[in-house]
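Contents: one structure, followed by commentary.
The values are calculated or read from the model by the stated rules, or taken from the named source; none is laboratory data. What you are looking at is a predicted structure, and each value in this text was computed from that prediction instead of being measured. When we count neighbours, we look across all protein chains shown, and the Cβ atoms used for this are built from the backbone with ideal geometry, even at glycine. The accessibility values were calculated without ligands, DNA or RNA, using every heavy atom of the protein model including side chains. Shrake-Rupley method; radii C 1.70, N 1.55, O 1.52, S 1.80 Å.
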Amino acid sequence: MPQRRSHVAPSAAQTELSVALAALRESLDAPADFSAAVLAEAAASEAATPEIDLRDVPFATLDPRGSRDLDQAFHLERREGGYTVRYAIADVPGFVAPGGAVDEEARRRGQTLYAADGTVPLHPKVLSEDRASLLADVDRPALVWTFALDSEGVVEDFRLERALIRSRAQLDYVSTQAALDRGEEGPATLLPEIGALRIAQEKIRGGASLNLPDEEVVRGVDGTYSIERRHPLPVEEWNAQLSLMTGMAAASLMIEAGIGILRTMPQPDEKSFDAFRHQTEALGRPWTTGRYGDYLRELDRADPMTLPILEAAASLFRGAGYVTFDGSVPSDIEQAAIAAPYAHATAPLRRFVDRWSLAICLAVSEGREVPVWVRESLAGLPALMQESGQRASKLDSATINCVEAALMTPLVGSTIDATVIEIRGERATVQIADPAVTASAPIPDGAVPGDVVQLHVVRADISRGEIEFSV
């Protein structure tokens with residue numbers, strides 16, 4: 001549930017913020033509208049013919065409340081000696097014609113962008129929120145992964161098939177967590193059990209999760225903006241394990257076939273580990289033994305030092321990228337935080353690269369040659385996704401900066417308390433509790449991470465997303 005939520009009240013600052021956010025979107029060359037040709041092709045596109053009928057399986061989706069672009073649906077059941085997990089993915093490869101108008105526009109966009117004043121979708125809504133989306137109570141084509149797990153949550157076997165499904169329920173995180181806490185039976189009844197087993201397997205592999213609080217700009221019904229920060233609910237972490245399991249399965253198929261695109265991240269170097277150890281010591285929660293994933297996993301969320309530690313740990317989760325191969329498999333293919341090879345293959349409605357992963361995996365599963373269009377375009381995908389990722393990152397950070405400046409506008413000229421999270425050179429990253437703002441500030445004499453210091457608010461520039469402090 002939300003920990004802190006700060007609002008920009010209706011005012012001149014609110015008006016200036018709206019103008020700044022609109023200008024930010026325009027500066028990214030990320031138009032929300034699609035051309036007539038793209039819309040016409042999307043509306044006329046026909047789904048690929050499913051190979052099997054799984055409409056008797058009661059799938060369900062689990063997403064934020066009100067979502068319409070539903071990429072995944074799941075079905076969980078016990079079997080002798082373990083579990084069967086079915087994970088259905090929207091069959092975007094079956095709708096999008098390679099080289100067509102929708103494909104070309106998706107290559108330009110790369111991924112859905114989530115702006116404060118609305119989304120910039122990867123695909124036209126007729127696909128992403130209707131015909132290809134795994135909405136409840138309608139027949140939908142899907143690419144269905146079926147996993148056989150043993151009693152410890154280890155994958156014993158899996159397969160991928162193109163199928164016709166019918167989701168029975170559209171669940172949301174908050175309501176589902178509440179239902180599970182009350183002990184109610186439902187589509188997600190086994191999710192805590194299976195999710196916990198998969199988390200245990202992650203620990204055995206040596207994987208690590210950062211689990212920083214989510215930071216999201218929210219626009220209220222009255223048009224005012226706020227920043228919402230919250231820790232993911234347990235049900236979100238359990239659900240994420242299904243996606244991670246699928247991404248690892250996709251990677252294994254592509255590696256075996258000698259063609260694919262993997263999401264990689266290098267292991268932190270010793271310099272990064274040493275710096276992080278020093279920071280944990282300064283915060284009074286030293287990491288002295290064991291793997292960093294185990295240390296992060298055991299942090300107490302109620303401890304006020306946990307957030308500064310997680311912020312410091314972000315330096316260990318850097319360098320993520322994509323690697324493609326067609327023939328020989330590269331030597332460095334692991335995603336260090338997952339501690340296994342991994343591929344993006346579960347969000348094709350919202351992320352461009354997943355369509356390639358799914359097309360390769362389906363061909364390999366069916367014993368077919370990988371499509372020519374995949375091979376011809378594979379090498380260019382990392383650059384396209386890097387550009388898209390930079391655009392999304394810039395939008396996210398700049399949006400939050402603008403909203404934070406608007407939140408601080410009424411406090412210009414006053415002195416406030418702030419918690420030091422991290423120190424780099426002559427600047428500190430500080431966290432202000434009310435309003436909920438993270439900012440850069442000069443370091444007060446003698447301050448160390450974890451200290452509460454007083455700062456004078458000198459200036460807040462909404463259009464630039466800048467806040468200036470003095471000590």
For a protection proxy built on the mean count of beta-carbon atoms within 10 angstrom, sort 160-168, 21-29 highest first, please. 160-168, 21-29
Can you tell me the 0 to 90 degree angle between the C-alpha axis of helix 381-408 and the longest principal axis of the chain, rounded to 10? 40 degrees
Round to the nearest 10 and give me the degree value, 0 to 90, for the angle of helix 12-27's Cα axis relative to the longest principal axis of the chain. 40 degrees
Where trypsin sites (Lys or Arg not before Pro) fall in DSSP loop in the range 56-88, at most 11 other Cβ within 10 Å: Arg65
Counting only backbone N atoms under 17 Å from a point 7 Å out along Cα-to-Cβ of Ala196, the residues of the range 209-243 in range are 233-242
Global form of the range 114-189, assessed from the alpha-carbon gyration tensor, a/c cut-off 1.5: oblate
Determine which residues of the range 307-333 fall in the zone a paramagnetic label at Asp294 would reach in this model, i.e. backbone nitrogen under 14 Å from the point 7 Å along Cα→Cβ. none
Applied in sequence order to the range 258-270, the curve 6.51 cos²θ - 1.76 cosθ + 1.60 (Karplus, θ = phi - 60°) yields integer Hz couplings, x standing for Gly and Pro, of x, 8, x, 9, 10, 8, 10, 8, x, 5, x, 7, 5
All aspartates and glutamates inside 19 Å of Lys203 as judged from Cα atoms, apart from same-chain residues fewer than 8 positions distant: Asp150, Glu152, Glu156, Glu193, Glu236, Glu237, Asp294, Glu298, Asp300, Glu334
What Kirkwood Rh does the range 317-471 have if only Cα atoms enter the pairwise 1/r average? Answer in Å. 19.3 Å
In the neighbourhood of Val38 defined by beta carbon distances under 9 Å, the net charge of the other residues (Lys, Arg +1; Asp, Glu -1) is -3
Rounded to the nearest 500 deg cm²/dmol, what is the calculated helix-only ellipticity per residue at 222 nm for the chain, with -39500 (n - 2.57) per DSSP H run of length n ≥ 4? -10500 deg cm²/dmol
Hey, what angle do you get for helix 234-257 against the long axis of the chain, alpha-carbon based, 0 to 90 degrees rounded to 10? 50 degrees
For 51-57, 233-239, ranked highest to lowest by mean beta-carbon neighbours within 10 Å, the order is 233-239, 51-57
DSSP-loop trypsin sites (Lys or Arg not before Pro) across the range 357-396, with at most 11 other Cβ within 10 angstrom: Arg368
Please sort 211-222, 430-441 by packing, taking for each peptide the average over its residues of neighbouring beta carbons within 10 angstrom, highest first. 430-441, 211-222
For the range 140-235, how big is Rg over Rh, using alpha carbon atoms and the Kirkwood form of Rh? 1.04
Under 19 Å from Lys271, Cα to Cα: aspartates and glutamates that are on another chain or at least 8 residues apart: Glu281, Glu311, Glu422
Principal axis dimensions, largest first and in whole angstrom, of the range 24-125 by Cα: 56, 32, 19
Tell me, what is the per residue accessible area of the range 295-403 in Å², probe radius 1.4 Å? 41 Å²
Which of the aspartates and glutamates could a cross-linker span from Lys394 if the Cα-Cα distance has to be under 13 Å and same-chain partners fewer than 8 positions apart are dropped? Glu26, Asp29
Fraction of beta bridges assigned by DSSP in the chain that are antiparallel (%, nearest 5): 90 percent
When the Cα atoms of the range 203-308 are enclosed in a convex hull and the volume is divided per residue, what value in Å³ results? 180 Å³
In Å, what is the Rg of the alpha-carbon atoms in the chain, and how long is Dmax? 23.2, 69
Rounded, prolate or oblate, given the Cα gyration tensor of the range 73-227, with a/c below 1.5 counting as rounded? oblate
